[in-house]
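The structure appears below as structure tokens.
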Amino acid sequence: MNPDQFLKLAQVLPDALLLLTKDGEILAANRSAKSLFASKSKNLAGECLMELVTDQSEKVIEYLRMCSQSRQMILGTLTVHPPQGEKTTYRSQGAVIQPSSSENPAIILLRLEKRDNSKFVILNQKIHQLSKEIQQRQRAQQELSQSNEALKQTLSQLRNALDVVQKEKMTGLGQLAGGIAHEINNPIGFIYGNIQHIDQYCNDLIKIIHTYQQEYPEPNTSIQEKIEEVDLEFLEEDLEKLLFSLKRGSERVAKVVKSLRTFSRLDEADFKDVDIHEGLDAALMLIQNRLRDGDTNYGIKVIKDYNQLPFVYCSPGSLNQVFINLLSNAIDALKELEKKHDKCIWIQTEQLSESKIAIHIRDNGTGIPADIQDQIFNPFFTTKPVGQGTGLGLSVTYRIVESHGGTIDVKSEPGWGTQFSIQLPIRYLQK
């Protein structure tokens, strides 16, 4: 509708009607509007609404802006102070009849209706205040959304930084473990190999001594005194025990070296086919000293329930870290129990389907309080005293399992203990 068409239709209407832009420029007005404003110009065209009312310009501009964005009538009030007579407040109803475009501004239809009831003015003021409050809330919500997005980005950057730091730390630890294993492997191989020869030589010497004793059952005095001095019978018995202990000890060191080699794969980021049980055993070997109580013979009993598993395509170093973290947490939980309490860790593996396996690590400690179970995987969350925990162990564990396409869940009850269950795909296709 153009101004001329508007005037033909609006001239006969009793209420004051205006066509204007959101900036307040009047495009056309009917006779009632001209009479209301006592304007001498033809149809008020070209005049500015803000100059014809006593309301603050900011208030009028904001009201027109709202009208220019709505097809529904927006209520408002305008106060007119004609040249003669007292100023009067009119109820205004405005809505856009032509939206703005690149060629033309928005055109607003404004209707002014006289209202003597002061309650309407108060109500309209309340509506205006409510509108401003809604706008403030919308701005606050937008700012909050922007802040949340910034926090998400910061958290993502922090997690990436933690991953880098943890990777560097574990890479260094893996290199150190690998270096120690290499340095120990050569001498222990030499010792273990020579023990076999020493055992054979000692057996040969004992046989020679027994042959002498058979051939010369009555040795001279000096030989008899020497036999009694060294206690030959005891020497034979104890030598066999010592050689057996040396064998077992060197085998033990060889197992530790093998575990260190397995653990040194922490610096391997590449995925490969891995024996999960080998990784679990390596982790147990490395924390073996923590399973024993230094003051007594009482310690933590480990119960393994390994079921047959296929090789799993994964990053062996990363999963070794997961096993170390979960076993260390179980040991920490059990250390808090009284010594008379049976302390056990159960490790169970099972194949759930053709494409998935599960690893369960459970302790019979005091358990995790229900109100914090949903926080234990959060970075920096820890229940340990200051200086005894970083709060990163379970967070890193969660991210490693997640990076393998797996899941980790926790079940904990007072008096029963805590169980972490890991589910991993057998063949995970990296993205």
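The values are calculated or read from the model by the stated rules, or taken from the named source; none is laboratory data. This is a predicted model, so every value here is computed, not measured. Cβ coordinates were reconstructed from backbone atoms using ideal geometry, including for glycine residues, and neighbour counts include every protein chain displayed. Note: accessible area is taken over every heavy atom of the protein model, side chains too, but ligands, DNA and RNA are not part of it. Shrake-Rupley method; radii C 1.70, N 1.55, O 1.52, S 1.80 Å.
Starting from residues that are open to solvent by 10 Å² or more (accessible area, probe 1.4 Å) and without any contact (Cβ under 8 Å) to a residue 24 or more places away in the chain, keep the ones in segment 10-24 and report whichever is nearest to Cys48 (Cα to Cα). Here the residue is Gln11.
Scanning segment 73-99 for residues that are modelled with pLDDT under 85 and within 59 Å of the chain's Cα centre (by Cα) yields nothing. Here is the figure for segment 406-431: residues that are at pLDDT below 90, in a loop (DSSP other than H, G, I, E, B) and either under 14 Å from Phe271 (Cα atoms) or not small (Gly, Ala, Ser) (or both) total 6.
Being open to solvent by less than 60 Å² (accessible area, probe 1.4 Å) and at pLDDT below 60, is that true of even one residue in segment 136-145?
Applying the first criterion (open to solvent by less than 60 Å² (accessible area, probe 1.4 Å)) to segment 136-145 yields 140.
So of that shortlist, the ones also at pLDDT below 60 come out as none.
So far as segment 136-145 goes, no, none of its residues is open to solvent by less than 60 Å² (accessible area, probe 1.4 Å) and at pLDDT below 60.
When the residues of segment 287-320 are narrowed to those that are within 16 Å of Ile331 (Cβ to Cβ) and touching a helix residue (DSSP H, G or I) at 6+ places or on another chain (Cβ under 6 Å), which ends up modelled with the highest pLDDT? Per the stated criteria, the residue is Ile300.
Of all residues in segment 329-345, exactly one satisfies the criterion of being under 19 Å from Lys304 (Cβ atoms), at pLDDT below 85 and assigned to a loop (DSSP other than H, G, I, E, B), namely Asp342. If you check Asn186, Asn194 for being on the phi < 0 side of the Ramachandran plot and modelled with pLDDT of 80 or more, only one passes: Asn194. Of the listed requirements (1) touching a helix residue (DSSP H, G or I) at 6+ places or on another chain (Cβ under 7 Å); (2) over 20 Å from Leu27 (Cα atoms), Gly94 misses just one: (2). Listed by first and then second residue, the pairs linking a residue in segment 53-71 that is more than 20 Å from Glu86 (Cα to Cα) and part of a helix (DSSP H, G or I) to a residue that is β-branched (Val, Ile, Thr) and open to solvent by less than 20 Å² (accessible area, probe 1.4 Å), with Cβ atoms under 6 Å apart and 6 or more places separating them unless they lie on different chains, are Cys67/Ile108. Scanning segment 209-227 for residues that are without any contact (Cβ under 8 Å) to a residue 12 or more places away in the chain, surrounded by 10 or more Cβ atoms within 10 Å (Cβ to Cβ) and in a helix (DSSP H, G or I) yields His210, Thr211, Tyr212, Gln213, Ile223, Gln224, Glu225, Lys226, Ile227. Can you say whether Gln348 is at pLDDT 80 or above, open to solvent by 40 Å² or more (accessible area, probe 1.4 Å) and polar (S, T, N, Q), as far as the supplied structure shows? When the stated conditions are applied, Gln348 passes them. Among residues of segment 393-431 being aromatic (Phe, Trp, Tyr) and over 20 Å from the mean Cα position of the chain (by Cα), the one that is nearest to Leu326 (Cα to Cα) is Trp416.
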